[in-house]
1. With label points built 7 Å along Cα→Cβ from the Cα atoms of A:Glu402 and A:Leu92, find their separation and express it in nm.
2. Would you please give the FRET efficiency between A:Val52 and A:Glu387, computed as 1/(1 + (r/R0)^6) with r the Cβ-Cβ distance and R0 = 56 Å, to the nearest 0.05?
3. If you wrap the stretch A:88-242's Cα atoms in a convex hull and average its projection over all directions, what's the area in nm²?
4. Can you pull out the cysteines in chain A that have no other Cys Cβ under 4.7 Å?
5. R0 = 22 Å: FRET efficiency of A:Asp75 with A:Lys4, Cβ-based, nearest 0.05?
6. Rg and Dmax of chain A over Cα atoms: what are they, in angstrom?
7. For A:Ser221 and A:Val360, FRET efficiency with R0 = 51 Å and r from the beta-carbon atoms, rounded to 0.05?
8. If we sort A:369-376, A:122-129 on the protection proxy, mean other Cβ atoms within 10 Å, highest first, what's the order?
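The values are calculated or read from the model by the stated rules, or taken from the named source; none is laboratory data. This one's a predicted model, so the numbers in the text were calculated from it and none came from an experiment. When we count neighbours, we look across all protein chains shown, and the Cβ atoms used for this are built from the backbone with ideal geometry, even at glycine. These accessible areas exclude ligands, DNA and RNA; they are computed on the full protein's heavy atoms, side chains included. Shrake-Rupley method; radii C 1.70, N 1.55, O 1.52, S 1.80 Å.
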Amino acid sequence: MTPKVRVRFAPSPTGEPHLGNLRTAVFNWLYARSTGGDFIVRIEDTDQQRLVPGAVNTILESLHWLGLDWDEGPDLPTGQFGPYYQSQRKTLYTVIKDLLITQGAAYECYCSPERLQEMRQTQQQAKTRVGYDGKCRDLSIADQEKSAATTSPVVRFRMPDEGTTTCTDYIRGDIVFDNSLIDDFVIMKSDGYPTYHFASVIDDHAMEISHVMRADEWLSSLPRHVHLYQALGYELPTFVHLPIILGPDRSKLSKRHGATSILEYKDAGFLPDAILNFLALLGWSLDDSSELFSRDQLIDSFTIDRVGDSAAVFDIDKLSWMNGVYIRDLSNSQLATEIEPFLDVSADLALATPDQPDLVDIVPVIKERIKTLREADEMISFFGDHELVYDPSLLIPKGLDEKHATTILDSVYPILEKTTDFTTATIDTTLRAHAIELELKPGQVFSVLRVALTGRTVAPPLFETMEILGQAQSLKRIRQAKTLMENRK
RNA sequence: GCCCGCAUCGUCUAGUCUGGCCUAGGACGCCACCCUUUCAAGGUGGAGAUCAGGGGUUCAAAUCCCCUUGCGGGCACCA
């Protein structure tokens, strides 16, 4: 019987998780959900210096927003595998560290940071291997006691000096590392906290993680981990090193590339389902043509076998397109609900008076015109019951003059006033007929009215807009347009 | 500098493991046309990749092997 799939997302609370971090979470989550396994969130807070207050909440909030749920994690009842903060598991690490020291697999090192720095510098200049030189490897008990009186040591893992280590990665296959090139790395810092290498190996084993899926940048420390597993007598999990996500300049995604925190994308008006879909496609594909996947389809079709092996550049244009697809896929009421938090310029719309248009009625005319929720606000601001501010010269379309514009506004007014059935279809036929009477192209008449009704030359369809605005408001705006024309100059 | 990884249209990718169906497919973006009251959306078509370069192996290579180059990552008492 194959052991249950248990995967984990193990961020360190040092800031807001970015797209790359979340993509790792997505793959882990997808794998857990598609195999009926467990998805675990573990907080790697062993670096006391870099802790950022509130980061854990931001991480959890990001996961939650993306719709990734976890079976075990810092905010859930601990159970047999907890706690899920590494800072709360210090005793475990300490006990195991002592064990390794007793076995001779690890040793205390009293070298000062200054000495280490110097050592590295010298090595760099001499162009030799850079790494710990093993000074404290075989200190006598007497020497240790002497040093212990003045400094608290770190603990280093004793790496073999020769031979090779063959590591197996699910995606890349076997990779051979030369042991002599890997130094005795620190597993316990002088403040009593473990390093990543040590804590993650212990926890992955203790939490019965079956697949360690993490970013590519960990690949080079894999041999250290393998040796740790061996020294500890642990069975190796399956390692899956995921290709990383690059910025447009092909360097590792970072703040320099603008928005990186997933929550910034939320604020920019992206839908979580769109982001999830997009993130899944960064490094994974099903076949040569599928790219729109619902959450369930993603879960159904995800396999590690189809994860790619090269880094991917994050393309905001494609994300925007995909977000547009998801927006158009929403029902009117769903879209209205999604848009509402983004309305501020046209706050007067939200506080609509009874005869003001309802957001749900407006939504269909902007649905296929927005790529993000945030764009909606600007696009619908003219629906509010306020006087439109615009340059009256916009009322004069290309090829026509001021007289035409005035004629159009003057003649259309009584016609619309008389219209009893103020709906899109009726307005359409009425105005078309009127254009013929005026011996003008319908488009010319419409563009004058478009500006009068919306204050802009680019807007949602005219007749729908008029119907939503209502007869009274539409007439009022034509009157305002006439006034503006008169006061021109 | 050393080590590891990666390498198909500008970008995401299919195809690589199991050579021939690939005169390399799809998508985003771009261009044109159609639809059309503007803008979108939609439809149709197009430009865009000598499969990083060079050597092999083979009847046949994007696919297998070697080298080179480029890019990325690592070489912390950071994760």
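1. About 8.1 nm, to one decimal.
2. Values: r = 47 Å, r/R0 = 0.84.
Result of the calculation: an efficiency of 0.75.
3. Working: hull surface 39.9 nm².
So the Cα hull casts an average projection of 10.0 nm².
4. Those would be A:Cys111, A:Cys167, since no other cysteine Cβ in chain A comes under 4.7 Å of theirs.
5. Working: r = 22 Å, r/R0 = 1.02.
Working from the Cβ atoms, E equals 0.50.
6. For chain A, the Cα-based Rg and Dmax read 32.3, 109 Å.
7. On the way: r = 54 Å, r/R0 = 1.05.
For R0 = 51 Å, the calculated efficiency reads 0.40.
8. Details: A:369-376: 20.4, A:122-129: 10.0.
Top of the packing list down: A:369-376, A:122-129.
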